[in-house]
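Next up is a structure, given as structure tokens.
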Amino acid sequence: MSANGSSRAVLLGLLLGCAGAPAWAGDETGWRFWKSADGLAEAFTGAISVRPDGSVLVGHGNVYQMERFDGYEMRALTQPQGPNSLFDAPDGSRWAVTNDGVKHFVSGQWISLRDLGGPREVLGIAPAADSGALVLTAGRLVQCGASGAVVRTLLEASHTGIGQYAALGAGSRTGEVWVSGQRGFGRLCLTPDCALGWEEQSNLPPGFHDYAAPRTGGRGEIYVAATAPDGQRAALLIEGRRSRVLAKTQKSLISEWASIDVWPGEDETVWVRDETELYRLVQGKKLPVERHDVLSGVIQQTARLPDGAFWMTTSQGLARYAPPLWRVPPEVAHLKTQVNGIAEDRAGRVWFAYTDRLVSFDGAPGGPTRCRPASRSIATRP
């Protein structure tokens, strides 16, 4: 079978799945869960990070064990008490942030690095491109070597236009990090072959402030949470010179503001998580995810993987989502009627006859799926 024919066959399977209820709406396919019985030190999982080899570090609460998990085997490791974040750097050094500040794993034990800031002073930590870790406080971003000593100060908050620092996140390329603050955010590239240096994001919507760490999508678009002028936390999408609000959450009753998180998914979908809901935005429509099993707990953190997959920690265990190989294209996820016929025209487009409309697929083999209704005034029969 040719590559083009193979692509058509896969598409046939995808769209025949539309005959039943749409797979995007409340479908549990793609989720896997792990609990204490599977090797976790306790049900509560908090800090999580993806290691250079693709496995993950999974942290817990007030216990002294965490795990390295590759999807098959849970390996118990020594954990500092209650880590807020943790990771293994490319050079093999291990780091964490707890309520006591930054900790570094040396000779089988966790050592506190007091000179980097005390409790509540450290706002974020990330692996450095070459060696050690990057540590963010309200006023500066510093790099620590594998020994734990501060090597250099990379960026003072007073030298930027984003105000007091708030969060640190990994960029889309090796050696790149996002730094967010009260008035905006920017990215810093630290590899020798990078000419970018520090670049602040322009064209931000007026009145928004207190930005979280951004995340980038496959087209270069930026997803970020911030506080809107009305005081609500909002999930923003920024594409070039344009920005728009994707979702908002009400002010929290238990903290200074309600939390909201946003990140890109597969097939141009968007994931949103706030204090009470987890859902996807598909073609602008909100599709809630059923909060059962591990997802019934309080969601703590997410760690993204390529191609729309991600890990998620909750108070009930560890979850992983991976896009199913067979899935309904998002453009037709809302269609609930049956597919009764398929044909290909001379231009190479494939047409699907639903009970109440025609839909054409004009994507290239291996490229994005693009479906569009062609008529709403017809009726087809098997």
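The values are calculated or read from the model by the stated rules, or taken from the named source; none is laboratory data. Worth saying up front: this structure is predicted, and the values here are computed from it rather than measured. Neighbour counts run over all protein chains shown; Cβ positions are idealised from the backbone, glycine included.
Take the conditions aliphatic (A, V, I, L, M), in contact with a strand residue (DSSP E or B) (Cβ under 6 Å, 6 or more places away or on another chain) and in the same structural domain as ILE48 (by TED's automatic domain parsing) and apply them to LEU155. Does it pass? Full working, then the answer.
Numbers: aliphatic (A, V, I, L, M): yes; in contact with a strand residue (DSSP E or B) (Cβ under 6 Å, 6 or more places away or on another chain): yes; in the same structural domain as ILE48 (by TED's automatic domain parsing): yes.
Answer is yes for this residue.
Additional query: Could you give me the residue pairs with C-beta distances under 8 Å whose first residue belongs to the range 295-312 and is touching a residue at least 12 places away in the same chain (Cβ under 8 Å), whose second residue is assigned to a helix (DSSP H, G or I) wherever it lies, and which are 6+ apart or on separate chains?
ASP307/GLU266; GLY308/GLU266; GLY308/ASP267; MET312/LEU295
One residue is enough: does the range 45-54 have a residue meeting the conditions within 21 Å of GLY297 (Cα to Cα), within 20 Å of the chain's Cα centre (by Cα), assigned by TED's automatic domain parsing to the domain that holds PHE105 and assigned to a strand (DSSP E or B)?
Yes, the range 45-54 contains a residue that is within 21 Å of GLY297 (Cα to Cα), within 20 Å of the chain's Cα centre (by Cα), assigned by TED's automatic domain parsing to the domain that holds PHE105 and assigned to a strand (DSSP E or B).
Please go through the range 148-193 and pick out each residue that is of a type in the set (Val, Ile, Thr), buried (at least 19 other Cβ atoms within 10 Å of the Cβ) and either over 20 Å from PHE87 (Cβ atoms) or in contact (Cβ under 8 Å) with a residue 60 or more places away in the chain (or both).
THR160, ILE162
Taking the range 280-295 only, how many residues are within 21 Å of THR314 (Cα to Cα), assigned to a strand (DSSP E or B) and aliphatic (A, V, I, L, M)?
1
Rundown of residues vs (1) crowded, with 19+ Cβ neighbours inside 10 Å; (2) under 29 Å from VAL58 (Cα atoms); (3) modelled with pLDDT under 90, yes/no style:
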position	(1), (2), (3)
TYR279	no, yes, no
GLN283	no, no, yes
MET312	yes, yes, no
LEU318	yes, yes, no
GLN338	no, no, yes
GLY363	no, no, yes
THR369	yes, no, yes
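Another one. So, in the range 317-339, how many residues would count as being among the charged types (D, E, K, R) and assigned to a loop (DSSP other than H, G, I, E, B)? Don't jump to the end; show me each part of the working.
Here is the first cut: in the range 317-339, the ones among the charged types (D, E, K, R) are 320, 327, 331, 336.
Retained after the next criterion (residues that are assigned to a loop (DSSP other than H, G, I, E, B)): 327, 336.
Counting residues in the range 317-339 that are among the charged types (D, E, K, R) and assigned to a loop (DSSP other than H, G, I, E, B) gives 2.
Read through the list (1) surrounded by fewer than 18 Cβ atoms within 10 Å (Cβ to Cβ); (2) basic (Lys, Arg); (3) more than 15 Å from LEU318 (Cβ to Cβ), then give the number of the only condition that ARG75 fails.
The single condition ARG75 does not satisfy is (3).
Still on this structure, I have one more. Enumerate the strands (runs of 3 or more DSSP E) found wholly within the range 146-236, keeping only those where 1 or more residues are polar (S, T, N, Q).
150-156, 176-181, 222-227
If you don't mind, there's one more thing I want to ask. Check every one of the strands (runs of 3 or more DSSP E) wholly within the range 81-143 and list those with 2 or more residues that are over 15 Å from GLU176 (Cα atoms) and touching a strand residue (DSSP E or B) at 6+ places or on another chain (Cβ under 9 Å).
85-88, 94-98, 101-106, 109-112, 122-127
What residue, among those in the range 196-227 that are surrounded by 13 or more Cβ atoms within 10 Å (Cβ to Cβ) and hydroxyl-bearing (Ser, Thr, Tyr), is nearest to VAL179 (Cα to Cα)?
TYR211
In the range 326-347, what count of residues is obtained for those that are free of Cβ contacts under 8 Å to residues at least 24 places away in the same chain and either assigned by TED's automatic domain parsing to the domain that holds PHE44 or of a type in the set (Gly, Ala, Ser) (or both)?
Final tally of qualifying residues: 2.
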